Every structure is written in structure tokens, then in C-alpha cells.
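The values are calculated or read from the model by the stated rules, or taken from the named source; none is laboratory data. Just so you know, these numbers come straight off a predicted model, no measurement behind them. FYI the Cβ positions are ideal-geometry reconstructions off the backbone, even for glycines, and counts take in every protein chain you see.
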Amino acid sequence: MNSPSDSIDDIISLLNKHYHPNSNQEQQSQQNSRPKAGIGNVMLPQIKQQLNVLSAIPNTYNNNSDKFKRKAASLNRQQQPKSQAKDTNSFLTPMTRYLTFKPYSGSTDIIINDVGYYYKFGSSPIKLVKGLLEENGFKENNDKNWTLYWSSCAIRSEIYTNLFAYQKVCHFPKSYEMTRKDLMHRNISKMQINHGFINFNFIPKTYILPAEMSYFLEEHEKIKNNNPVYICKPHASSQGKGIFITDKIQDILNKQNSNNSYVVSHYIDKPLLINNLKFDLRIYVAITCINPLRIYVYQDGLARFATEAYNPDSVKQNRFVHLTNYSVNKDSPNFVANQDPTLDYLGSKWSLLALREYLKLNKINEQQIFERIEDLIIKTIISVESAIFQACEMNVPFRSNCFSLFGFDVLVDQFLKPWLLEVNFSPSLNIDAPLDLKIKGEMLADLFTLIGIVPLDQRFSQDLSYVRNQSNYDVKKHQQEFEKYIIKETEEEMKRSRGWKRLYPSDQSSRYSKYFESDRPLNALLRNHYK
Ligand code: ADP
């Protein structure tokens, strides 16, 4: 990374070195290794001009972008001609081009030319992410100027604060507000209280123990004659580990002696069944921007089946009946692995599209189910929007720096009501079957295309959105241009959405505005635009 004291010429030569180790290589790679990726030609004078643009950005606008301010301030010291600074008054520069990604083929034999695109893992490498990036011409490099940072874990705040405009990291700060079981319940319960239980009635009633023990016992007392059944989960675990189902309150009380924190939910005992088996849905959801908020859902996903016939009265300890986790059921003698991705309705894991087709053929109103799922996705994200927005204000220099891929786990009951079980911070990208490679590979390629990774020559033309509110600018004129820029940015993103469906903003946005803690101007802008 460049230090704040680098001169523009230093930075140019650094860029030159990093992005053009030799120009033949670039040409060669354009011919050979990136069939779909849209690399532009790097034009150093343009980069230089864009660095001048950076230098003209005021260091007073955004009080949270320290790194950015330092960069701008240091560049400001490079006596910029005033006339060049004035050019930055406009957002209406030609729209940035972005790279297009092709799905990973599954090959382990990838030859990468170093053309200046780098990625970095913040956790152990994930084969699918690595393969996909490398087949699209990216090279792993932890020191150089990486474009994409992928991690299964939370990202440290110093990584956020040091980001350049063109760099992307795969998590928003504070996403755990939605992905930790206890916090998700707390946030949605808060919405139930503030905005009506009926509008947020898509999570099973839940208690965080031991903190809510007396409330839990009180509530249990009221319904105990109905023999309620509870599912108990360690508050920070996954893959069905440590889960038990019980209708005996003593089982739950015993667990409290072990000093562990448990999330105890009402058990949904009438799930929708297919071939007498319980199943749940893995829905992929992406947030591409928090300001303005942009949410997408992937059209395909997975349906994961239990491996023994469901009966609400069957032994509660039988995990092959009651749990739908792949990690649990793959150990069942009844587990059927799907070996042919074209037969995506066979075995213990189906594609979401196959499931929808099946429901349609069986005259089950799948459209209604999926509309309800989309509604719960939007509401769940709104419940944490404020926390994420504020964390970004504090730590993230550019609006374009973060994106997130979430796995929403949804159980549908016999009344076709979807229930949100949990949101996964880092949904599994393991490839255990050809169907995984097909669905997750396409989803990820479409995600990388959607988020907008800039070609080398456009790196410093990105995200001019912080140029505003300057005293020496015509604020009103500038505001209008900024708004046009945001609309254009949003529409350009939509054109890259491929298998992703945009949920928010939409022509329905106004239905959701009352649920936001603050009505952000950019959300209002897009709400009015799409009305
Ligand atoms: P984990 O993170 O350990 O996978 P989940 O919350 O996803 O925990 O639950 C594991 C499985 O248990 C789910 O896939 C689902 O089949 C079942 N399950 C979870 N909560 C409920 C519930 N409230 N009612 C019925 N089944 C549930």
C-alpha cells in the first residue's frame, strides 16, 4: 500500500510496477486467460488524472474516512493546478466499466498470468472462491495491492480503515448483529415491539438463556398444558452441533447448570413435507451497498432434506428426522448424494429451482411462499441496517468497499408460512457434490460480477460520491449531480445482476420505509425514483 506521504509520481510508478509487470503479459492474458472478464487498457495519464481527482476531494466531507482524508490531504500537498480540481465538480463522468466473471469449472490446474488483479484470504482459503478468482485471472497475493479480500471470519477494523476505493471486502462491519443467533432474535424482537408483532412474526418465539430464564419460565407456565416442544441451540454454534429437542422443561434447566448460553425456540412441529421428509431452504442473499441500501436474493439455492420420515411424535433425539443440516444427514444410512446436477430434484439435496418446480406441479402456492421469504429478508436486514450503517460511517472509507453474502435458512410450515431459523455469516461454499459446484459456482460468479470490480484503468475513477458539500462548490447543483450518479450507479448494478434479483430498492420500497431507524436521504432518493 502507498503511504500517505507518497507523491503522485511515486504512486504512478508503483501502479505501473504492480499493474504492468510487463506489457506483453497483459496482452497475452487478454488473449488467453480471461475469456469473459472485461479488462480495459491501462492508461497512465488517466490514472494520473484520477489521482488528481482524489487530491481534490475535500478532507472535511466525511468525518469517518480517516484513511481517505489522509490520502487526499497528502495528495493535496502535491500542488494541484486549481483548474484540474474544478473538473471533479461533476459526477457525470462516463460510467465505470466492471469485470464480468465466469463460473469456476472445478479444475485444479489453473495457470494464471500476473496481470495485476490480486485477491487475499483473511481466513483459510476456500477452494471455490480461489478457483473462481484464479480462472478469472486473479492471483493470490497478501502484500500487493489486492482488489478482493475474502474471509470466513469477521474483518479487523484496521483493514476497513485502510481501504482504497476500488478494494472490496466480503463483510460489512457489525453483520454479526444479524448472524449471531441471540443477536438476531434480539433485533427482530425489538422490531416486533416497535412495529407490531404481526409485521415481524417470522421467527419462532425464542429465549436467550440464562439471561431470560425467568421470562421463559413465566411464559412456559402459561402454555404448559399444550405440551410445548422446544429446540435448544448453543448460542454460537453451527452445523447442528449441540442442538437438542425436548418437551421436558427439566432438560432445559439441566443445561443451565453447564454454564453455557442457550438459545431456546419453540419447535415448529408442522413443517411442510416432501416425500414425508422435513426440509429447509438455503437462500443466498447479498447486500451490495448499505448507503443506499441495496439487497439482492439469488434465484437458485438449495433445499436440504432430513433423511428419516417425519412424525411430530417420533423420538426427539432422532436428529435424522428433526434436523435438516447436511452436516448431520450426510452421516445417515439413508442419505442420497446427488451426483448429477441436471437431476437436481433427486437425493437429499435439491436445487431451489427444482423445489419450486416440484411445488408448482403439486399445486402448492410457491409464489406466495417466496414472496413471504423476500419480505422476511428485507425486514431482517432493515432490523440491523442502522448498526451496519453506523459501523461503516465509523470505519469504512468508501461506499463501495463492502459487500456481504449471507445464507438465510428458512423452514416452511404446512400453512406455507416461512420461518427464519438463522442467517449465516459465511454460508458454506464447500463443493461436496456436482450440484454444489453448479449452484454455488454460478452464484459466486454472478456475485463478483454484481458487486462491480473495476478494471485496472478505472481504479481511481471509482466512488466520487464523497465529493460534495464543499463550501466552494455550488452545493445545490452538486447535490443534483450526486443524486443522478447514485441512480445511475444503482441502475448499472442492476444490469449486472444476472441470477440475482434485486429486492431493495424496488417499487415496493415505500412499504418498508417506516421500519428504518432513520430515513436515509439516499434510500429516500431511490424510493422516489422507483415509485
Ligand atoms: P445450526 O446453526 O447449528 O445449523 P439451525 O438454527 O440452523 O442451527 O438449526 C439446525 C436445524 O434444526 C435446522 O436446519 C432445522 O432443520 C432445525 N430447526 C432449527 N430451528 C427449528 C425450529 N424452531 N423448529 C423446527 N426445526 C428447527
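Quick rundown of the values:
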read-out	value
Condition check for Ser404: closer than 29 Å to Asn162 by Cβ and within 16 Å of the ligand (Cβ to nearest atom)	no
Some residue of segment 285-298 being small (Gly, Ala, Ser), in contact with a Phe, Trp or Tyr (Cβ under 6 Å, 6 or more places away or on another chain) and either within 29 Å of Phe448 (Cβ to Cβ) or within 16 Å of the ligand (Cβ to nearest atom) (or both)	yes
Residue tally, condition small (Gly, Ala, Ser), within 20 Å of Ala309 (Cβ to Cβ) and within 13 Å of the ligand (Cβ to nearest atom), over segment 320-359	1
Condition check for Asp340: more than 26 Å from Asn201 (Cα to Cα), modelled with pLDDT of 90 or more and surrounded by fewer than 17 Cβ atoms within 10 Å (Cβ to Cβ)	no
Tally of residues being of a type outside the set (A, V, I, L, M, F, W, C) and under 23 Å from Thr324 (Cα atoms) across segment 202-251	19
The listed residue being farther than 30 Å from Phe460 by Cβ and in contact with a His (Cβ under 8 Å, 6 or more places away or on another chain), out of Ala354, Ala387, Ala306	Ala306
Hits in segment 490-513 - residues which are surrounded by 18 or more Cβ atoms within 10 Å (Cβ to Cβ), in contact (Cβ under 8 Å) with a residue 60 or more places away in the chain and assigned to a helix (DSSP H, G or I)	Thr490, Glu493, Tyr512
Residue match in segment 254-273 (condition: away from the ligand (no atom under 16 Å from the Cβ) and either closer than 22 Å to Tyr358 by Cβ or of a type in the set (A, V, I, L, M, F, W, C) (or both))	no
Per-region count, segment 219-233, residues more than 8 Å from the ligand (Cβ to nearest atom), of a type outside the set (Phe, Trp, Tyr) and under 13 Å from Val263 (Cα atoms)	1
Where Trp150 falls short, out of the listed (1) over 29 Å from Ile487 (Cα atoms); (2) in contact with a strand residue (DSSP E or B) (Cβ under 9 Å, 6 or more places away or on another chain)	(1)
Failed criterion for Leu132 (all others in (1) farther than 22 Å from Pro427 by Cα; (2) at pLDDT 95 or above hold)	(1)
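Here's the yes/no breakdown for (1) over 18 Å from Thr288 (Cα atoms); (2) among the hydrophobic types (A, V, I, L, M, F, W, C); (3) surrounded by fewer than 19 Cβ atoms within 10 Å (Cβ to Cβ):
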residue	(1), (2), (3)
Leu132	yes, yes, no
Phe138	yes, yes, no
Trp150	no, yes, no
Glu158	yes, no, yes
Ala165	no, yes, no
His171	no, no, no
